[in-house]
Each structure stands twice: as C-alpha cells, then as structure tokens.
Amino acid sequence: MSVIAIKCPQINITLVDSDLKKIEAWNGPIDKLPVFEPGLSDIVRSVRGKNLFFSTDIKGAIEKSEMIFMAVNTPTKKEGKGAGMAADLSNIEACARDISKYSKSDKIVVEKSTLPVRTAEKIKEILIQNKKGIKFDILSNPEFLAEGTAIKDLFKSDRVLIGGDESESGKKAIKLLIDIYSNWIKKEKILTTNVWSAELAKLASNAMLAQRISSINSLSALCEKSGADVTELSKAIGMDHRIGKHFLNASVAFGGSCFKKDILNLVYLCKYYKLDDVAEYWLQVVKINEYQKHRFTEKIISNSNNDIKNQNIAILGWSFKPNTNDSRESPSIYVTYKLLQKGAMIKVCDPLVRLNQIKNDLRNFMLSKSLSLKKTEILLNNISFSELKEMSFNSFSSIAILTACPEFKKIEKELIKSKANIYDGCNLFNSKQFTYTIGK
C-alpha cells in the first residue's frame, strides 16, 4: 500500500486494523516502524498523512472506500478439520463480514492474502449476506515480493497477477486494478487470469521455490558424504539456463511465514481432491527442510561428544533471512530449542532482532511442543543477547551462523582466530578452517 501510495498520489489509501497498538506504531516515529524493510521508512515518511493513512476506524474506511484490499494473516489451522495443514481463514472471513456489514455502496474486494484455491466463493457467500442490493466484485491479486528486497520487488515486479470473473462487472474491476498498477508497471508484465488460477498461483510459486531449496539441501548431505562441494555443484547446476541459479544456495533450511505454511496448504488441497500421491510429493519438500535443520543441529552436538551441557554457544542470526526483522519459522528457533534442551547456554546476535522477540519465538515454539510453561521459562533463562561489537568469540565452545547477514562477513578473521568450533549454516564464508560448512 505504501508503494501504491507513492506511485499513485491521486489515490487516497487508508490501512485499518483492530489492533490499536499496531496502528499507533505505524503512526509513530519513522525509525521505529513495526516492520523493517529496506526503503520502506523513506516511503512512509513521504506519503504518510498525505495520501496514506493508518486508522482503527474500520467502519468509516469501508463506507468511504471503492476498492478494499484484504491483507490479513492466514496461518495454518491448529484445530478442527485440516489442522496442521489447511489454512485458517477466520481472519479473512471476519474481514468479509465487516465489509458486508458496513458497505453502503458497490465495492471491489481484492484478495492480497495467500489463500487456498476457491476461497473467493466463501468470501462471496459472506458478502452477499449484506442484502442491501450492493454489488461486490472479487479479485485475486497475490503478492510475489520477497522480504529484504520487497520495495525493489514492488518497484520492478516480475509480474503482477490479477484474477477476476469474465462478467462485465468483473472485467471492469480488473481494468480498474490494472489502471492502478499501470502507473509504474509495464502492461506486458500485468497478467490476468480467472480467480482460481490467481489464487493457486501464489501457493504453487512458493511451493516451487521451496522445492528448489529442499532439493539443493538434500544434495548438500550427499556432497558431504561423497567429497563434492555444494557451492561448486550449485554453480554448475545453475549455469544451465533451463534451471537458473536462483534458490540453489544450501543452508540450514528455509524459513519465513510463507513456504512451509503454503506447502502444507497445498498438501491439504491435494488430499481434499484425493490426489494422495501429489500430496505426498509436496510433503517431502517440508520433510527435507525439517531433516536439514535436524542434521545441522546434530553436527554441533555430536562434535561435542553429545554433551553440550553448560557449554556457551553463540547463534549468529535470528531472522529467517538478511535485511528483515521477521523471524517466523526461522531455522534458528529449532536449532536453539534443541541446544537448550541439551543444556547449552545460548547467546544470540542479530542486527535487527532483539531478545524479547527471540524469547517470544522460543516460548511459542516450546509450548507448541507441549513443554510446560515452567520448563519453558527455565530453558529461556539460559538465553541472552549481545550486539556484534560486544561479542567475545573466544568465550564460546561453538558458534553457529544461521543467517547470512552481511555484517557477519566483517568478523571472519575473528572467527578463525577464536578457539570455538565454527558452524557455517548458510555458506556465508569460504574459509576451510571452520569446523563445519554445510554441503562441504
């Protein structure tokens, strides 16, 4: 919405949320926005209060709007039918109910959240309960940005996908959304489809990207056994123009809010349509990801004779990728949890994530594993945080690099000089002096 605001000064955009603290944060100091994304604060600074507004007045915003983007979280269901795989659509359904309740004129409703195919049918069922003679057109406009490069991705999108109905009003709605993006995106990069194709495209894209990561990670295990080097292997594979070089970097595992959630959603959809073999194929992508995290953690433990109790271990990097403060599904959570369970004392260093968020991530993860609150808090007492400049690397028995933050490249010599076992989980360094580099 920030990018649309700066590219379309003629359009007024209001972002609403029922969470007052969240809205206050977005209206607060520019250097303390809730989300860190390179370039975002500069854009918000230039458009906030002009044509970009943040508010808790959901009713008023819906009444005044002509087009409504639904951009809410769709986590994996924790209970009920499809628990553990299917998407929880309760937030989407709540949005649709609000739109139906407060609308007094025709609306174009745009799905921005990642949704299962045919969700638009459910949304339409809720909207038409309005019974005020209001016309609702539903479009699917999934986002294909990547955290850490989101602004650049939005400025120069590979494609913009818009799915809508073939009806006259549907075509008109599609054109209106095309007109918005056409302010900065070339027409040939704007692809139109039916709603179902657009909804499925997001899940399919994330599944294909995650598949590449799991594929190279599975080969990294073979590289280590055979004497091959996964970096050299990736380069050789990536030079084939049919394959390409992207998403072929071996690592501890993929993380983030999308890949695992979306693949499990895809698995559930395949099972729903009785495509069990297809479901099992995509499930293997997730299984390899879990295997890779376990394999990396076991390297740290086994190199210490399976006894890391009271050992000081440093974790470099908490977010799931560089240049973001997003740590959802970050492999660092799993690795740290396993090390804490074995009695290790953990110190974390991350340029953008702080101790409170780290502990919250671990607390939620531990409770999801059925650990008692008492046991969870005991383990959390064994984790601390340090700025990079304050790290004394000789005080650790092991150091694990879990995020490829560019700041860490500056300390390569210090790491080599330290007495610690160094585990490079993202191939950030070329040093052969480290204890373990994944895939080598």
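For region 165-202, the tally of residues that are of a type outside the set (A, V, I, L, M, F, W, C) and under 23 Å from residue 153 (Cα atoms) stands at 14.
If the condition is being touching a Leu at 6+ places or on another chain (Cβ under 7 Å), part of a helix (DSSP H, G or I) and β-branched (Val, Ile, Thr), then region 213-254 contributes 216, 230, 237. Being among the aromatic types (Phe, Trp, Tyr) and exposed (fewer than 14 other Cβ atoms within 10 Å of the Cβ) is a property that does not hold for residue 268.
Scanning for something closer than 19 Å to residue 320 by Cβ and surrounded by fewer than 20 Cβ atoms within 10 Å (Cβ to Cβ), does region 412-420 turn up at least one residue?
Let us first name the residues in region 412-420 that are closer than 19 Å to residue 320 by Cβ, namely none.
Taking every residue of region 412-420 in turn, none turns out to be closer than 19 Å to residue 320 by Cβ and surrounded by fewer than 20 Cβ atoms within 10 Å (Cβ to Cβ).
Does residue 297 qualify as being surrounded by 21 or more Cβ atoms within 10 Å (Cβ to Cβ), out of contact with any Cys (no Cβ under 8 Å at 6 or more places or on another chain), among the polar types (S, T, N, Q) and assigned by TED's automatic domain parsing to the domain that holds residue 396? Show your work before the answer.
On the way: surrounded by 21 or more Cβ atoms within 10 Å (Cβ to Cβ): yes; out of contact with any Cys (no Cβ under 8 Å at 6 or more places or on another chain): yes; among the polar types (S, T, N, Q): yes; assigned by TED's automatic domain parsing to the domain that holds residue 396: yes.
Yes.
When region 23-34 is filtered for residues that are closer than 22 Å to residue 8 by Cα, loosely packed, with under 15 Cβ neighbours inside 10 Å and not polar (S, T, N, Q), only 30 remains.
Looking at 42, 19, which one is closer than 17 Å to residue 150 by Cβ, modelled with pLDDT of 95 or more and under 25 Å from the mean Cα position of the chain (by Cα)? Outline the logic, then answer.
Values: 19 fails: closer than 17 Å to residue 150 by Cβ.
Answer to the selection: 42.
Looking at this structure, is residue 41 assigned by TED's automatic domain parsing to the domain that holds residue 165 and crowded, with 17+ Cβ neighbours inside 10 Å? It would help to see each step written out before you state the result.
On the way: assigned by TED's automatic domain parsing to the domain that holds residue 165: yes; crowded, with 17+ Cβ neighbours inside 10 Å: yes.
The answer is yes for residue 41.
Being on the phi < 0 side of the Ramachandran plot and free of Cβ contacts under 8 Å to residues at least 12 places away in the same chain holds for only one residue in 147, 168, and it is 168.
With respect to the conditions (1) crowded, with 21+ Cβ neighbours inside 10 Å; (2) more than 30 Å from residue 73 (Cα to Cα); (3) β-branched (Val, Ile, Thr), residue 243 lacks only one, and its number is (1). Taking the conditions exactly as written (more than 25 Å from the chain's Cα centre (by Cα) and within 29 Å of residue 10 (Cβ to Cβ)), does residue 71 satisfy them or not? The answer is no for residue 71.
Close contacts from region 77-96, counting a first residue that is under 19 Å from residue 273 (Cβ atoms) and in the same structural domain as residue 265 (by TED's automatic domain parsing) and a second that is surrounded by 18 or more Cβ atoms within 10 Å (Cβ to Cβ) and among the hydrophobic types (A, V, I, L, M, F, W, C), with Cβ to Cβ under 6 Å and a gap of 6+ residues or different chains, come to none at all.
Please specify each residue of region 85-138 satisfying the condition of being of a type outside the set (Gly, Ala, Ser), touching a Pro at 6+ places or on another chain (Cβ under 9 Å) and in a loop (DSSP other than H, G, I, E, B). Walk me through how you get there before you give the answer.
Here is the first cut: in region 85-138, the ones of a type outside the set (Gly, Ala, Ser) are 85, 88-89, 91-93, 95, 97-99, 101-102, 104, 106-112, 114-119, 121-132, 134-138.
Right, trim to touching a Pro at 6+ places or on another chain (Cβ under 9 Å) and you get 88-89, 91, 111-112, 114-115.
88, 89, 112, 114, 115, listed by residue number.
Do we have residue 90 as closer than 29 Å to residue 135 by Cβ, under 22 Å from the mean Cα position of the chain (by Cα) and surrounded by fewer than 17 Cβ atoms within 10 Å (Cβ to Cβ) here? Yes, satisfied. Only helices (runs of 4 or more DSSP H) whose full extent lies in region 330-440 are considered here, and the ones with at least 2 residues that are β-branched (Val, Ile, Thr) and either over 20 Å from the mean Cα position of the chain (by Cα) or in the same structural domain as residue 252 (by TED's automatic domain parsing) (or both) are 331-341, 373-380.
The values are calculated or read from the model by the stated rules, or taken from the named source; none is laboratory data. Everything numeric in this text was worked out from a predicted model, so none of it was measured. Note: ideal-geometry Cβ built from the backbone for every residue, glycine included; neighbour counts use all protein chains shown.
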